[in-house]
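Contents: one structure, followed by commentary.
Quick note: the coordinates plus some simple rules give every number you see, no bench work behind them. Computed from a predicted structure; not experimentally measured. Methodologically, a virtual Cβ is constructed for each residue, glycine included, from the backbone with ideal geometry; neighbour enumeration extends over all protein chains shown.
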Amino acid sequence: MSSAPVQRFIQHGAHKGKGIAVFTSGGDSQGMNAAVRAVVRMGIYVGCKVYFIREGYQGMVDGGENIIEAGWSSVSSIIHRGGTVIGSARCTDFRERKGRLQAALNLVSRGITNLVVIGGDGSLTGANLFRQEWSSLLDELLKEGKITQEQRLKYKALHIAGMVGSIDNDFCGTDMTIGTDSALHRIIEAIDAIVSTAYSHQRTFIMEVMGRHCGYLAVVAGVISEADYVFIPESPPPQDWEARICSKLEQERSAGQRLNIIIVSEGAIDREGQPITAE
């Protein structure tokens, strides 16, 4: 007879004494502040010493006042705000090993061995490289006399959690990336705003939406708005798509339809690999 499964709970103070830092990097997206708030308050709940790293990787390299301890009230009244309250910046210094070496020193000096990075592809790639080099970076710092042997052993492992901040929703294994839902709402608001004009004047509107090489925003917006045609990168249209779309629009106008909406994803291409744009 098997015993009942034990339900696990995150214990208050379960990770007391550990250092964790959160930062945002690359382009901002709505929802980043909510993610920052969640990291800070959960970290405090489990007993961690939580830090903000301001201005992304640049703040990690520069150190000083860019790495500050966060408190419970530090993230009050930010959940509804767009952008990122702790700043974000492109950083060329972190691309060089010298910059990553300085970043490692700044983290070790504060006892930080856990990082939460909120950003896109480049930000997460940089975090992965940092994790891979961590051991060799500490060895180099020890050799230069910038850290002690005790610090080298105590902070030997770097743990990184990545949270995808991207409106494109193009990360495998993630149901909804940070910013996608807000971007979709903005698209639908824009479509709703032009529908009345399109209907009044019997117009056809072509809307180009973001998404890079992922057509998620275009497809979902097309379904919601009942668009007549949607162009996405993943499914190039047939060779004669120009003739087909003109024929479809003519048929619908002949049937009495007064407006048409066409949505083009910014990364849409034809069968020849040529870009399809709203122009």
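The table below gives the values:
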read-out: The chain - mean residue ellipticity at 222 nm from DSSP helices (-39,500 (n - 2.57) per run, n ≥ 4, rounded to 500); value: -12500 deg cm²/dmol
read-out: Listed values [x] 158; [y] 176; [z] 214, entry calculated as volume of the Cα convex hull per residue in Å³; value: [z]
read-out: Lysines with Cα under 30 Å of Lys143, excluding same-chain neighbours fewer than 8 positions away; value: Lys18, Lys49, Lys98, Lys154, Lys156
read-out: Calculated P(r) of segment 19-164 - Cα pairs past 25 Å, %; value: 22 percent
read-out: Order of Ile263, Ile160 under a 10 Å beta carbon neighbour criterion, fewest first; value: Ile160, Ile263
read-out: Selected from Gly267, Val85, Gln132, residue furthest toward positive end of dipole (the chain; charges at beta carbon); value: Gln132
read-out: Electrostatic dipole magnitude of the chain [Cβ: Lys, Arg +1; Asp, Glu -1; Cα centre; debye, to 20]; value: 1580 debye
read-out: Folded to 0 to 90 degrees: helix 32-45 orientation relative to the chain principal axis, Cα; value: 30 degrees
read-out: Computed lengthening from Glu226 to Arg95, 0.36 nm per intervening residue step minus Cα-Cα distance; value: 42.7 nm
read-out: Computed over segment 180-265: relative contact order in percent, which uses C-alpha pairs under 8 Å that are six or more apart; value: 43 percent
read-out: Size of segment 180-265 as Cα extents on the principal axes (Å, biggest first); value: 37, 32, 15
read-out: Sites Arg212 and Ala190, calculated FRET efficiency, Cβ-Cβ separation with R0 25 Å, nearest 0.05; value: 0.85
read-out: Size of segment 105-217 as Cα extents on the principal axes (Å, biggest first); value: 75, 23, 23
read-out: Footprinting exposure proxy for Glu250, Glu133 (fewest neighbouring C-beta atoms within 10 Å first); value: Glu250, Glu133
read-out: Whole-number percent relative contact order across segment 28-112, with pairs defined as alpha carbons under 8 Å at least 6 apart; value: 37 percent
read-out: Label-point separation, Cys246 to Ser182 (7 Å along Cα→Cβ), nm; value: 4.2 nm
read-out: Using alpha-carbon coordinates, inclination of helix 216-225 to the longest axis of the chain, degrees; value: 40 degrees
read-out: Relative contact order (%) - criterion: Cα under 8 Å, at least six apart; region: the chain; value: 15 percent
read-out: Ranked list, fewest to most other Cβ atoms within 10 Å of each Cβ, for Met32, Met163; value: Met163, Met32
